[in-house]
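The values are calculated or read from the model by the stated rules, or taken from the named source; none is laboratory data. Everything numeric in this text was worked out from a predicted model, so none of it was measured. Here the Cβ positions follow ideal geometry from the backbone for every residue, glycine too, while neighbour counts run over all protein chains shown. With ligands, DNA and RNA removed, areas are computed over all heavy atoms of the protein, side chains included. Shrake-Rupley method; radii C 1.70, N 1.55, O 1.52, S 1.80 Å.
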Amino acid sequence: MIERIDLRLSLPCNRVRRMFRQFQRNRIVSLLAVFAIVTLLVPPQPVAGCPFCNAVSQTLRQEMAAMDAVVIASSLQDASQRDAETGKIRMKVEKVLKGGDLVKAGDEIDAIYYGDVSLGRRFMLSGVDPPQMQWSCLPVSPRAETYVGKITELADDDLERLRFYYQFLQDEEAMLARDAYDEFAVAPYASVKKLAPEMNHPQLIKWISDPELPTDRRRLYLTMLGVCGDEKDLPLLEEMLRSTTKSSRGGLDAMIACYLTLSGEKGLPLVNELFLANKQAPYADTYQAIMAVRFHGTEGDVIPRSALVESLHHVLERKDLADLVIPDLARWNDWSQINRLVDLFINADPDNNWVRVPVVNYLRACPLEEAKAALKKVEEVDPESVRRANTFFSIPVPARETGSSSSSIIRDSDDKAVVAIPSLGSMGPPTADAMPLPAAAPLPVAQSMNPWRLAYVLGLALCTFMIAQFLLLSGGPHPKTE
């Protein structure tokens with residue numbers, strides 16, 4: 001948007017210049033307002049599917065579920081007979097997959113398609129808005145047509161679906177392989193784990209070792225290896241972690257997570273050495289290592305959080321990355337770093353002063369008296385950062401334990417013993433990353449949403465937007481003329 005406005009500055013128009021200057025003055029406040037609204041109104045989503053995968057597109061199953069009717073049809077015309085202006089082409093319904101009350105086999109319908117088409121070519125048509133149905137077209141081969149038909153017959157069970165899609169993960173037909181990958185990417189991680197006994201371990205190793213394998217696929221296959229592999233796979237994974245070849249480092253976050261899943265706590269020293277404690281490690285590599293550790297602290301059940309937070313402590317030595325892990329320490333009840341974080345706050349410079357708000361939120365969440373004193377100390381140094389934290393952020397809510405491993409045990413810090421927070425492990429596994437504690441829990445935490453703060457922020461944001469829009473449209477305050 002700024003680039004488009006910049007182009008307009010060349011016009012001999014003082015009004016446009018005033019609008020641009022006013023936009024620059026108000027855009028930061030507007031962005032803060034947007035951030036506040038998103039932070040307060042959008043709830044955290046539970047992790048689902050492959051924790052390191054992103055679906056490329058909506059799956060065919062999801063698309064079909066959203067449609068009023070889905071059919072297999074054949075073209076009754078070729079490209080020369082198509083309506084050149086509208087792209088409409090006549091088709092005959094051969095098979096109804098969904099919406100039998102809206103369309104029947106043998107019906108002739110018009111669909112819009114601008115691609116190559118020949119007489120008799122087969123398509124999957126998806127229709128919406130009956131009775132004047134609007135159809136979208138997807139060309140299908142005989143194999144794809146069979147594939148789509150079987151999708152409609154699958155049971156409403158994640159494990160059963162994964163069994164079906166597993167055989168198409170590396171299919172020679174790109175559409176089927178992509179759809180199968182997307183189904184794994186959105187499937188619950190627990191269901192992927194249940195499929196472990198049926199996974200082809202040697203085939204996964206072969207796929208992962210392929211230097212030409214796309215990164216998104218490697219992430220999925222490494223996640224799958226983590227649930228079906230064993231310690232015999234560790235030498236290969238360690239070799240890949242130590243490699244400096246770009247093709248071997250694709251999907252590093254999933255690779256680290258897989259290595260830790262198979263090695264357990266004894267694998268943390270290598271991760272610390274290469275990524276977390278290594279100040280020469282590139283930002284991207286350290287960030288992916290943090291994501292892998294975060295996965296094990298939220299969904300993994302093989303490494304206790306007390307060990308994971310010890311690894312995250314190394315990141316606090318890197319002032320440009322410290323803000324990435326401070327929220328995790330708060331969620332996992334690690335209150336051993338109060339003095340260290342206060343030092344980070346006080347010594348922050350203009351290049352890393354963004355660390356101050358996470359430090360304030362950590363101190364707000366900490367139930368210890370030491371934290372209250374520290375909060376007053378940092379407020380004297382930078383009251384504005386404390387105000388921003390109180391205004392735009394709710395207090396971090398501790399997360400439940402992920403398994404039978406002990407909770408984040410508080411370590412000694414600066415030769416001073418700190419009281420440990422009671423373990424939450426007995427409360428069972430979480431359904432989300434940050435699930436609120438039961439009312440009887442001894443740890444005092446704030447409500448996830450303060451209604452008065454919400455009203456204040458929403459009112460402030462609304463006023464900010466109204467003022468910004470007025471200034472943009474009016475060109476800002478006009479200079480006084482004598």
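Structure summary
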{"item": "Over region 51-195 - Rg/Rh using Cα atoms and the Kirkwood inverse-distance radius", "result": "1.01"}
{"item": "All-pairs alpha carbon distance profile, region 259-370, 10 Å steps from 0, percent", "result": "14, 46, 32, 7, 0"}
{"item": "J(HN,Hα) series, region 75-87, from Karplus relation 6.51 cos²θ - 1.76 cosθ + 1.60, nearest Hz, glycine and proline x", "result": "6, 9, 9, 10, 4, 6, 9, 6, 5, 5, 7, 9, x"}
{"item": "At R0 = 25 Å, FRET efficiency that the Cβ-Cβ distance of Asn54 and Glu273 yields, to 0.05", "result": "0.30"}
{"item": "Estimated inter-spin distance, Thr391 and Glu369, nm [label 7 Å along Cα→Cβ]", "result": "3.3 nm"}
{"item": "Calculated FRET efficiency for the pair Gln170/Lys92, C-beta based, R₀ 25 Å, to 0.05", "result": "0.15"}
{"item": "Pair Leu102, Ala284: separation of 7 Å Cα→Cβ label points (nm)", "result": "4.4 nm"}
{"item": "Amide H partners (placed H, <5 Å) of Glu94, local residues excluded", "result": "Ile72, Ala73, Ser74, Gly106"}
{"item": "Estimated FRET transfer efficiency when R0 is 30 angstrom, pair Ala155-Glu231 (beta carbons, to 0.05)", "result": "0.30"}
{"item": "Stretchable slack from Ile112 to Glu85, in nm (0.36 nm times residue separation minus alpha-carbon distance)", "result": "8.7 nm"}
{"item": "Within the accessible area of region 252-306 (1.4 Å probe), percent carbon and sulfur", "result": "51 percent"}
{"item": "Percentage, to the nearest whole number, of Cα pairs in region 162-259 over 22 Å apart", "result": "24 percent"}
{"item": "Accessible area of region 88-202 belonging to carbon and sulfur atoms, whole % at 1.4 Å probe", "result": "48 percent"}
{"item": "Placed amide H near Gln77: partners under 5 Å, 5+ positions off or other chain", "result": "Arg90, Gly120"}
{"item": "Residue-normalised accessible area of region 260-323, given per residue in Å² at a 1.4 Å probe", "result": "36 Å²"}
{"item": "Integer Hz, Karplus 6.51/-1.76/1.60 couplings in order for region 345-352, x for Gly and Pro", "result": "5, 5, 8, 5, 10, x, 7, 9"}
{"item": "Interatomic Cα distance distribution for region 115-158, bins of 10 angstrom, percent", "result": "23, 39, 33, 5"}
{"item": "Share of pairwise Cα separations in region 66-127, more than 14 Å, in percent", "result": "50 percent"}
{"item": "Sorted peptide list for 50-56, 79-85, 371-377, 222-228, criterion being average Cβ within 10 angstrom, highest first", "result": "222-228, 50-56, 371-377, 79-85"}
{"item": "Sorted peptide list for 199-212, 64-77, criterion being average Cβ within 10 angstrom, highest first", "result": "64-77, 199-212"}
